[in-house]
Amino acid sequence: MKPFKSLGRQIITAYILFTVACCLLFIAVGAFVVEGIEVRLVDDRLKEVAAWAAPRYAGGLPVEMPTGLSFHHGESIPASLRAIEEGVQEVNVDGVGLHVLGGHTAAGAFVVIDHESDYNQVEAAVYSLIGMSFIGFLGLSLLLGRFMARRFVSPIVDLAVAVTERRHQLPLLDTNNEVGVLARAFDGYAKEMKHYLDRERFFTGDVSHELRTPLTIIGGAVEIIALATATEPHLKGPVERINRALSDATGSVTVLLMLARSPHLIESEEISAGELAHRCVAQHQYLVAQKKVECRFDGGDFQVRVPPKLLDAALGNLIRNACTYTDHGAVIVSIVERKIRVQDTGAGLPPAVLAMLRGDQTSLHAGSAGTGLGLALVMRICEHIGATLRVVAASDHGTVIEIDFLGTFTKI
């Protein structure tokens with residue numbers, strides 16, 4: 001699973017990176033300007049003074065320097081500055097910072113000293129101001145980024161919470177921006193899906209109710225036939241088969257009626273999966289009574305909170321299909337961790353059914369063909385109770401199908 005990437009954090013990061021880039025550009029331009037000013041105010045000034053003073057000194061004329069500047073030639077150059085190279089240098093003498101211009105003429109070496117230049121202090125103050133501005137801009141960008149992130153992300157989070165909680169009225173429907181467009185799209189899609197689901201639920205419920213009356217009539221007729229043929233043993237088998245088919249049909253109608261209701265309206269109970277599996281295996285022993293097939297429960301148990309009739313119908317359908325389509329070998333029901341597993345040695349599932357169980361929506365139309373309730377309906381039951389139906393293994397020598405409750409919470 002890919003790591004979660006917060007949109008809010010990405011917005012804040014973008015603001016900070018933009019601010020850092022702008023500040024670095026500003027610092028670079030500022031440093032260039034400061035150094036240029038230094039050259040203009042200090043270096044060029046010393047060169048102009050040297051160009052004026054050196055010829056006068058060579059011509060024996062008096063050299064009167066402006067305040068803060070001094071001109072030294074030959075032996076008058078201070079000892080600490082006699083080895084200075086040509087050009088403007090920043091020299092520290094006895095803890096005092098000086099700007100010194102060294103040069104040579106035909107009369108010998110000379111230096112021009114700026115004693116009172118405070119440009120270094122000015123330069124330090126400018127760089128300090130730039131540094132403080134950089135920190136201030138970073139703080140401002142962080143605050144602005146958090147404000148914009150909250151303003152942009154909070155509506156999306158509110159919309160996601162509303163959708164997750166299945167609220168009838170979504171927020172932001174009247175908002176005149178992209179988030180409002182998203183909210184209205186969600187709302188339209190949710191209403192369309194609700195319309196289709198309600199229509200399917202009503203249809204399933206209506207059909208199931210209509211089937212209950214004829215099934216009740218058939219049940220009464222079967223009881224009468226059973227009493228009338230009590231003295232005729234050769235009719236007992238057919239009557240029992242009719243009765244079992246009636247019971248299966250009644251169970252199917254009950255399941256359809258339950259599926260037609262919302263999951264939170266169906267009563268759930270804390271049940272033992274092991275006891276239910278053992279009971280289902282016992283109820284379907286008649287399917288293998290005339291075959292060389294063993295149907296058994298291999299043990300295991302866990303507690304799960306589900307509607308018992310739905311889980312019984314789903315597991316019973318899997319066992320019934322396995323017993324019906326297995327002619328030799330065994331049908332084994334077992335519980336591993338929080339999975340109910342049904343394994344058989346039959347001929348395997350048809351390709352269309354396998355495709356459906358593995359998520360191919362185009363195969364759902366094959367759901368009930370030759371599989372009792374239909375594996376498609378078993379899948380719906382599993383979704384209804386929060387479980388997952390999956391094919392663990394499938395071949396010509398048998399099938400292993402699991403009802404997986406690992407994703408559900410319950411006491412063990």
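Data for the structure
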{"quantity": "Nearest-20 debye value, the chain charge dipole, Cβ charges on Lys, Arg, Asp, Glu", "calculated": "2260"}
{"quantity": "Share of carbon and sulfur in the accessible heavy-atom surface of the chain [1.4 Å probe, %]", "calculated": "61"}
{"quantity": "Value of D in µm² per second that Stokes-Einstein yields for the chain, Kirkwood Rh from Cα pairs, at 37 °C (0.692 mPa s)", "calculated": "107"}
{"quantity": "Unit Cα scatterers, Debye sum, segment 51-200: log10 I(q)/I(0) for q = 0.16, 0.22 Å⁻¹", "calculated": "-0.93, -1.28"}
{"quantity": "Relative packing of peptides 125-133, 273-281, 229-237, 375-383 - highest average C-beta neighbours within 10 Å first", "calculated": "375-383, 273-281, 125-133, 229-237"}
{"quantity": "Angle in degrees between helix 7-38 and the longest Cα principal axis of the chain, rounded to the nearest 10", "calculated": "10"}
{"quantity": "FRET efficiency estimate (nearest 0.05) - Cβ-Cβ, residue 167 to residue 347, R0 51 angstrom", "calculated": "0.55"}
{"quantity": "Computed label-point distance, nm, for sites residue 383 and residue 231 using a 7 Å Cα→Cβ extension", "calculated": "5.6"}
{"quantity": "Cα-projected label distance for residue 175 with residue 20, points at 7 Å along beta-carbon direction, nm", "calculated": "3.0"}
{"quantity": "Residue with peak Gaussian network fluctuation, the chain [Cα springs, cutoff 10 Å], from 210, 90, 240", "calculated": "90"}
{"quantity": "Cα-based convex hull, segment 226-288, per residue volume (Å³, whole number)", "calculated": "128"}
{"quantity": "Rough spin-label spacing in nm, given labels placed 7 Å along Cα→Cβ, for residue 27 and residue 80", "calculated": "3.3"}
{"quantity": "Sequence ranges 340-353, 311-324, 59-72, ranked by mean other-Cβ count within 10 angstrom, highest first", "calculated": "311-324, 340-353, 59-72"}
{"quantity": "Stokes-Einstein D for segment 41-112, Kirkwood Rh over Cα pairs, 4 °C, 1.567 mPa s (µm²/s)", "calculated": "104"}
{"quantity": "Probe 1.4 Å - accessible area at residue 286, Å² to nearest ten", "calculated": "80"}
{"quantity": "Estimated [θ] at 222 nm from DSSP helical runs (n ≥ 4, -39500 (n - 2.57)) normalised by residues in the chain, nearest 500", "calculated": "-18500 deg cm²/dmol"}
{"quantity": "Förster-model FRET efficiency, 45 Å R0, residue 197 and residue 147, C-beta, rounded to 0.05", "calculated": "0.65"}
{"quantity": "Full-extension gain in nm, residue 47 to residue 221, via 0.36 nm per residue minus C-alpha separation", "calculated": "50.1 nm"}
{"quantity": "Per residue accessible area in Å² of the chain, where ligands, DNA and RNA are left out and the probe is 1.4 Å", "calculated": "61"}
{"quantity": "Among 161, 179, 49, residue whose mean-square fluctuation peaks in a GNM of the chain (springs only between Cα atoms under 10 Å)", "calculated": "49"}
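The values are calculated or read from the model by the stated rules, or taken from the named source; none is laboratory data. Bear in mind the structure is a predicted one, so any value in this text is a computation, not a measurement. Cβ: placed from backbone, ideal geometry, glycine included. Neighbour counts: every protein chain shown. What goes into the accessible areas is simple: the full protein's heavy atoms, side chains included, and nothing from ligands, DNA or RNA. Shrake-Rupley method; radii C 1.70, N 1.55, O 1.52, S 1.80 Å.
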